[in-house]
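Notes follow the structure.
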Amino acid sequence: MAVSDRMTTIDLFKAVQGSDIAIAFGNAPLVFGIAAQLFHISGIVLILTPTLLVALRIAGTGLVDYSAAQLERKSRVYVATGLLFVVFSGLFMLIPSATLYQPNPAFQLKLILLPVALAFHYGFLARIAKEEFSQKWLAKIIALFMALLWFAVGMAGRAIGFLAA
Amino acid sequence: MNLHDLFQAMYESCLGTALAESLYVYPLVEGIHLLSLAFSFGLIVLVDFRLLGIALPSLPVGEMLKQLRPWMIGGFTATFVTGILLMFALGPKLLATFIFPLKLLVILLAALNAIWFEWKFGRDQDYLTGRKDPVVSAKIAGAISLASWSTVVVLGRLIPYFDGSF
């Protein structure tokens, strides 16, 4: 494919914004936009709170009657539900205004932080929460870092509105 | 001095002006207000689910409260302090519609419910340690708490939609 034929990121976002589904989302009544925001916030809480509880338990505090591994297993369904909420509500907000989001540095940062947070969450959390994970100091550092990473995703998301204004 | 005058005075204060005109501090305060919900709202929902018998039923209520209370208090402190700062930054336009006063009213209801729960069950060792079967009034307190704090979050998110000046 010739260089000039390649689709750039902005072309992709323009195509998304011009799609029928984007137009339908954009013309949806305001109540859908409000509902999307509420689902987005609920999703953030559903991800952050269980993750924090596991991170706190790994650090030796919080719900100490349960092991970190038990809490991590219990947290999975809430985090997965939260991710579904944030992804679908996020797409509902993003698609009709995709070209506004694309150049926003906070959005770009969020797009970098989100996969990193997901990789840490699904790559490390279950492993470091296990009783037999011997390097407890490393587990505490990773757990703290992961919690901070999720908060950074949230802060970057919140910053989108301020940088776009 | 009525409520509008109070909010106007807060808005015109040095703190209100500094916050409203700050490029970074205002978004940071708003971000913390939102994300501290993970500690405040998220943990209170977990406790409410426990009171209703839905979440972690094998953990006695007293143990759960003891283990989570410092984090909930920390979360509510962050949410409350940043909320006050946002009141300084936004001033009387918060009172332009019924949404914000209603939010304050529901917070008051939720706080009264929490105080009642503490008064009724705070020293009831049989209930807190799980020796006594879950009582209906504790479940009702959990349901009221769940409904009221959820309403507070919804109303908070509705504020900008009901006032075009934000």
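Odds and ends about this structure:
- From the options A:Leu100, A:Leu53, residue that is modelled with pLDDT under 95 and among the hydrophobic types (A, V, I, L, M, F, W, C): A:Leu100
- Of the listed requirements (1) modelled with pLDDT under 95; (2) more than 11 Å from every other protein chain (Cβ to nearest Cβ), B:Leu59 misses just one: (2).
- Filtered residue count, region B:116-160, keeping only those that are of a type in the set (Ser, Thr, Tyr), in a helix (DSSP H, G or I) and in contact with a helix residue (DSSP H, G or I) (Cβ under 6 Å, 6 or more places away or on another chain): 4
- Restricting region B:1-21 to residues that are touching a residue at least 40 places away in the same chain (Cβ under 8 Å) and of a type in the set (Gly, Ala, Ser), the residue that is surrounded by the fewest Cβ atoms within 10 Å (Cβ to Cβ) is B:Ser13.
- Elements of type helices (runs of 4 or more DSSP H) contained in region A:1-115, each with 3 or more residues being within 30 Å of A:Lys136 (Cβ to Cβ): A:30-58, A:68-94
- Taken together, A:Phe25, A:Phe32, A:Phe13, A:Phe39 contain a single residue that is within 30 Å of B:Phe41 (Cβ to Cβ) and more than 14 Å from chain B (Cβ to nearest Cβ), which is A:Phe25.
- Of all residues in region B:51-84 being part of a helix (DSSP H, G or I) and polar (S, T, N, Q), the one that is farthest from B:His33 (Cα to Cα): B:Gln67
- Residues being among the hydrophobic types (A, V, I, L, M, F, W, C) and more than 10 Å from chain A (Cβ to nearest Cβ) - total across region B:1-43: 13
- Tabulated pairs, region B:146-163, first more than 9 Å from chain A (Cβ to nearest Cβ), second surrounded by 18 or more Cβ atoms within 10 Å (Cβ to Cβ) and not in a helix (DSSP H, G or I), C-beta under 9 angstrom, 6+ apart or interchain: B:Leu146/B:Leu52
- Within region B:57-84, tally of residues that are crowded, with 20+ Cβ neighbours inside 10 Å and aliphatic (A, V, I, L, M): 3
- Taking the criterion of being of a type in the set (A, V, I, L, M) and more than 8 Å from chain B (Cβ to nearest Cβ), the residues of region A:54-83 that qualify are A:Val54, A:Ala55, A:Ile58, A:Ala59, A:Ala68, A:Ala69, A:Leu71, A:Val77, A:Val79, A:Ala80, A:Leu83.
- Condition broken by B:Ala38, with the remaining ones in (1) at pLDDT 95 or above; (2) touching a Ser or Thr at 6+ places or on another chain (Cβ under 9 Å) satisfied: (1)
- When restricted to residues that are away from chain B (no Cβ under 14 Å), aromatic (Phe, Trp, Tyr) and touching a helix residue (DSSP H, G or I) at 6+ places or on another chain (Cβ under 6 Å), region A:127-165 contains 1.
- Residue in region A:12-29 that is under 30 Å from A:Glu131 (Cα atoms) and in contact (Cβ under 8 Å) with a residue 24 or more places away in the chain present: no
Condition check ((1) surrounded by fewer than 18 Cβ atoms within 10 Å (Cβ to Cβ); (2) within 23 Å of B:Ile159 (Cβ to Cβ); (3) touching a His at 6+ places or on another chain (Cβ under 8 Å)) across all residues:
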{"site": "B:Leu95", "(1), (2), (3)": "no, yes, yes"}
{"site": "B:Ile99", "(1), (2), (3)": "no, yes, no"}
{"site": "B:Ile107", "(1), (2), (3)": "no, yes, no"}
{"site": "B:Ala111", "(1), (2), (3)": "yes, yes, no"}
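The values are calculated or read from the model by the stated rules, or taken from the named source; none is laboratory data. All values derive from a computational prediction rather than experimental measurement. Every residue, glycine as well, gets a Cβ built from its backbone with ideal geometry; the counts of neighbours run over all protein chains shown.
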